[in-house]
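Novice: A single structure is presented below for examination.
What follows is calculated from the coordinates using simple rules that are stated; it is not laboratory data. This one's a predicted model, so the numbers in the text were calculated from it and none came from an experiment. Methodologically, a virtual Cβ is constructed for each residue, glycine included, from the backbone with ideal geometry; neighbour enumeration extends over all protein chains shown.
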Amino acid sequence: MQGNIVVPLELTFDSGESKFHGLNLYYGADAIGGLAEAVALTTHAIVNDSMVKQTPSVKGFSLNFKNSFVGSFRQKMELEFNGEESIRVIKYIGMDAYIELLKLHLRIPVGGSTKLEFRKANQWYRQMKHSDELLERLKRPLERIHHPVTGQGYKVTLSKARTPLLSFDKSTGNYLFAETKNPNVKTIEVAVSRFNARRGTGRFIEEEDSESISFSPKSIKLMPRAQKNALADSLKRLANDDFYKIKALVTEVLAFDGRIKHYILHSVDA
């Protein structure tokens, strides 16, 4: 329809740990379904600032198949923004900001950077209320995207037209699937870059330009109001260019390579 905004996407399955020799139907179908779910959930959260329980409930856009290719297997898709509000949002933030926000949410759970480059993307991200919940919801569809990686040793690449956006391979799969808890509780000094008071979740940064790391409370019911206020105060100060650190007692959740994936928050000095 005239006035709609169309984004050409492509998912490529190619040689990774193993040489490409044909895509297993089960693995391929599951990966494509996982991508559709991940893109739909993320796009809905970006343009509608809300979460849906089921993918068919998304609104303002559609995601459809285009022609497929033989060789290294390539599947073309079209993301079409066809709702008045979704078109308004995409025109306001710009396509580059939308793509960066999409990439951000798909790469964080697999160990990618938490930083954004575009100013509009940063501004929109700061006002997104459901980003942390979205990242949790994306784990299952991202596991599905990795099925050709774990099952056949391939690499899966998401592109916009012919421009690669993200790749999923053995390394991203290891980050997604494997984790251990540090047995020792420790005190860290961090600032808060995101915080959801209702859920008690958010993200910590050690320095102003460092990657952020997610945190969740050991028990939201047992988190005192004073500690929530301390977390919210650090976030407010950061928004006003005051990098204010707090002391937090945490358990580290570690990735397969020793990187910190997540903090379980026990308490905050309030």
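Novice: Using a Gaussian network for the chain with springs between C-alpha atoms less than 10 Å apart, which of these wobbles most: Lys181, Lys53, Lys129?
Specialist: Greatest mean-square fluctuation among the candidates belongs to Lys53.
Novice: At what distance in nm do the modelled label points of Thr150 and Ser15 sit from each other, each positioned 7 Å from its Cα along Cα→Cβ?
Specialist: Distance between label points: 2.5 nm.
Novice: Let me ask another. Quick one: if you stick a label point 7 Å off each Cα along the C-beta vector at Arg199 and Lys115, how many nm between them?
Specialist: With each label placed 7 Å out from Cα toward Cβ, I get 2.5 nm.
Novice: Rounded to the nearest 0.05, what FRET efficiency do Asn82 and Arg225 give with R0 = 41 Å and r taken as the Cβ-Cβ distance? Could you check?
Specialist: 0.40
Novice: Starting from 0.36 nm per residue, how many nanometres of slack lie between Lys91 and Lys160 once their C-alpha separation is accounted for?
Specialist: Roughly 23.1 nm would be gained on extension.
Novice: If Rh is defined by the Kirkwood formula over all Cα pairs and Rg also comes from Cα, what ratio Rg/Rh do you get for the chain?
Specialist: 0.99
Novice: Which helices of the chain meet both criteria: a Cα extent of 20 Å or more along the helical axis and a mean Kyte-Doolittle score no lower than 0.5, with helices taken as whole DSSP H segments?
Specialist: Sorted by number, the helices that extend far enough and score high enough are 25-48.
Novice: What length, rounded to one decimal in nm, is gained on full extension from Ile5 through to Asn24, with 0.36 nm per residue of separation minus their alpha-carbon distance?
Specialist: Full extension of this stretch gives 3.5 nm more.
Novice: Can you tell me the dipole magnitude for the chain around its Cα centre, using point charges on the Cβ only (Lys, Arg +1; Asp, Glu -1), in Debye to the nearest 20?
Specialist: Details: 39 positive and 31 negative charges, 112 e Å.
Rounded to the nearest 20 debye, it is 540 debye.
Novice: What FRET efficiency comes out for the pair Phe177/Asp49, r = Cβ-Cβ distance, R0 = 41 Å, nearest 0.05?
Specialist: With R0 = 41 Å, the Cβ-Cβ based efficiency is 0.85.
Novice: Moving on. Measure off 7 Å from each Cα along the Cα-to-Cβ vector at Phe65 and Lys139, then give the distance between these two points in nanometres to one decimal.
Specialist: Between Phe65 and Lys139, the simple spin-label model gives 3.1 nm.
Novice: Additional query: Would you kindly state how much longer the chain becomes between Asn122 and Phe243 on full extension, computed as 0.36 nm times their sequence separation minus their alpha carbon distance, in nm to one decimal? Don't skip to the end; give the middle numbers.
Specialist: Details: separation 121, 0.36 × 121 = 43.56 nm, distance 1.73 nm.
My answer for the length gained is 41.8 nm.
Novice: Which entries in the list Lys66/Lys160; Lys103/Lys129; Lys115/Lys261; Lys19/Lys115; Lys120/Lys236; Lys218/Lys247 go over 21 Å, if you measure between the two C-alpha atoms of each?
Specialist: Exceeds cut-off: Lys19/Lys115.
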